[in-house]
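Q: Here it is, the structure in full.
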Amino acid sequence: MNRREEVLAKLSLVLDPELDQSLTELGFIDDIQLSGNDVTVSFRLPTYWCGVNFSFLMASDIRKRVSELPWVNNVSVRLKDHSFAKEINEAVSNGKSFREAFPDMATEDLDELQRHFRMKAFTVRQEKLLRYLLRSGFSKSSVVHMTVQELRELQEQDKNGRTFIERYLDILQELNFPMEPEGLAFLKPDRDPIMEPEFDRYLLHSRRTRISMEFNANYCRGLFKTRYETG
């Protein structure tokens, strides 16, 4: 893997907070410039007025992820075609927090906001996996009683469901959910067990969250494609 590929691999870990999809998958990365051990990453968003808080989160996460590469000395992030591009680029380059850079806009804690959207992503990834398991012949009872170990074993055995399982296990780890082998694989966001009598209602609520997120993702893709005439 060459250096550009290493940078792209790190950028694939940077997610749009609202959509739970990587900036590389969404096509938001515009350019990568390498100069010795210095990296400049340029990215674009679907509209000129995309939320300043979300734009800042993505810019700061780009800098953080690429800086993890051992050979990188400096990372410059360039948000393009945005109403607050200059302010965001300067703040991220200088290591400022969102509150320091935008005191008049910082009405909420960005860490809490980001966690809120990661919990939505948890709900969506879980719902997709639960529906896959039901389509594959698992009963509701077997699903709600499935252990982490059983899910990991299924990950090795089921090629078709491997991606669903990997993404779900990744977010369990990211959000510090219990992952003891004999513990339940499927918990609610508040970490209570999913009881069989409430399973259908719980899955319906999760489905609504997924549909909302998928709608937003398709809408953003459409705006981005129209704005930049991509694809």
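A quick yes/no check of all residues on (1) free of Cβ contacts under 8 Å to residues at least 24 places away in the same chain; (2) in contact with a strand residue (DSSP E or B) (Cβ under 9 Å, 6 or more places away or on another chain):
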residue	(1), (2)
70	yes, no
75	no, yes
120	no, no
142	yes, no
186	no, yes
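Q: While we're here: Counting only residues that are under 21 Å from residue 17 (Cβ atoms), give me the helices (runs of 4 or more DSSP H) lying completely in segment 138-231 with at least 1 of them.
A: Once the helices (runs of 4 or more DSSP H) in segment 138-231 are filtered for at least 1 residues that are under 21 Å from residue 17 (Cβ atoms), what remains is 162-174, 199-228.
Q: Tally the residues that are of a type in the set (S, T, N, Q) and in a loop (DSSP other than H, G, I, E, B), restricting the search to segment 84-125.
A: The number of residues fulfilling the criteria is 3.
Q: Kindly indicate whether any position in segment 75-82 is of a type in the set (Asp, Glu) and over 25 Å from residue 8 (Cβ atoms).
A: no
Q: Right, here's the next one. Looking at segment 119-135, can you tell me whether even one residue there is more than 22 Å from residue 213 (Cβ to Cβ), open to solvent by less than 60 Å² (accessible area, probe 1.4 Å) and not hydrophobic (A, V, I, L, M, F, W, C)?
A: No - not one qualifying residue is present in segment 119-135.
Q: Then there's this: Of the residues that make up segment 197-218, is at least one in contact with a Ser or Thr (Cβ under 8 Å, 6 or more places away or on another chain), touching a residue at least 24 places away in the same chain (Cβ under 8 Å) and among the aromatic types (Phe, Trp, Tyr)?
A: No: segment 197-218 contains no residue that is in contact with a Ser or Thr (Cβ under 8 Å, 6 or more places away or on another chain), touching a residue at least 24 places away in the same chain (Cβ under 8 Å) and among the aromatic types (Phe, Trp, Tyr).
Q: Would you call residue 108 at pLDDT below 95 and open to solvent by 50 Å² or more (accessible area, probe 1.4 Å)? Break it down stepwise before answering.
A: Details: at pLDDT below 95: yes; open to solvent by 50 Å² or more (accessible area, probe 1.4 Å): yes.
When the stated conditions are applied, residue 108 passes them.
Q: Look through segment 111-141, keep the residues that are among the basic types (Lys, Arg) and within 14 Å of the chain's Cα centre (by Cα), and return whichever of them is modelled with the lowest pLDDT. Don't jump to the end; show me each part of the working.
A: So the first thing to find is which residues in segment 111-141 are among the basic types (Lys, Arg), and the list is 115, 118, 120, 125, 128, 131, 135, 140.
Subset that is within 14 Å of the chain's Cα centre (by Cα): 115, 118, 120, 125.
Values: 115: 91, 118: 95, 120: 96, 125: 98.
It comes out as 115.
Q: Looking only at segment 17-37, which residues are over 22 Å from residue 113 (Cα atoms) and either in contact (Cβ under 8 Å) with a residue 60 or more places away in the chain or buried (at least 21 other Cβ atoms within 10 Å of the Cβ) (or both)?
A: Passing the criteria: only 27.
Q: Any residue in segment 84-110 that is closer than 22 Å to residue 41 by Cα and of a type in the set (Asp, Glu) sitting within a Cβ distance under 7 Å of a residue that is open to solvent by less than 80 Å² (accessible area, probe 1.4 Å) and in a helix (DSSP H, G or I)? List the pairs, counting only those 6 or more apart or interchain.
A: Pairs that qualify, where the first residue is closer than 22 Å to residue 41 by Cα and of a type in the set (Asp, Glu) and the partner is open to solvent by less than 80 Å² (accessible area, probe 1.4 Å) and in a helix (DSSP H, G or I), are 87/101.
Q: Scanning segment 214-231 for residues that are over 20 Å from the mean Cα position of the chain (by Cα) and of a type in the set (S, T, N, Q), which turns out most open to solvent (accessible area, probe 1.4 Å)?
A: Here the residue is 226.
Q: Hey, residue 23 hits all of (1) under 30 Å from residue 178 (Cβ atoms); (2) in contact with an Asp or Glu (Cβ under 8 Å, 6 or more places away or on another chain); (3) modelled with pLDDT of 95 or more but one; which does it fall short on?
A: (1) is the only condition that residue 23 fails.
Q: Out of segment 68-96, which residues are out of contact with any Lys or Arg (no Cβ under 9 Å at 6 or more places or on another chain) and loosely packed, with under 14 Cβ neighbours inside 10 Å?
A: Residues satisfying the conditions are 70, 73, 83, 86, 94.
Q: Name every residue in segment 66-103 that is under 21 Å from the mean Cα position of the chain (by Cα), farther than 14 Å from residue 56 by Cα and polar (S, T, N, Q), in order of residue number.
A: Passing the criteria: only 67.
Residue-by-condition table, conditions (1) under 25 Å from residue 168 (Cβ atoms); (2) open to solvent by 20 Å² or more (accessible area, probe 1.4 Å):
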{"position": "15", "(1), (2)": "yes, yes"}
{"position": "39", "(1), (2)": "no, no"}
{"position": "49", "(1), (2)": "no, yes"}
{"position": "56", "(1), (2)": "no, no"}
{"position": "61", "(1), (2)": "yes, yes"}
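The values are calculated or read from the model by the stated rules, or taken from the named source; none is laboratory data. Treat the numbers as computed from the prediction; the structure is a model and nothing was measured. In this analysis, Cβ positions are derived from the backbone assuming ideal geometry, glycine residues included, and neighbour counts consider all displayed protein chains. When the accessible area is computed, the model is the full protein with side chains, heavy atoms only, and any ligands, DNA or RNA have been set aside. Shrake-Rupley method; radii C 1.70, N 1.55, O 1.52, S 1.80 Å.
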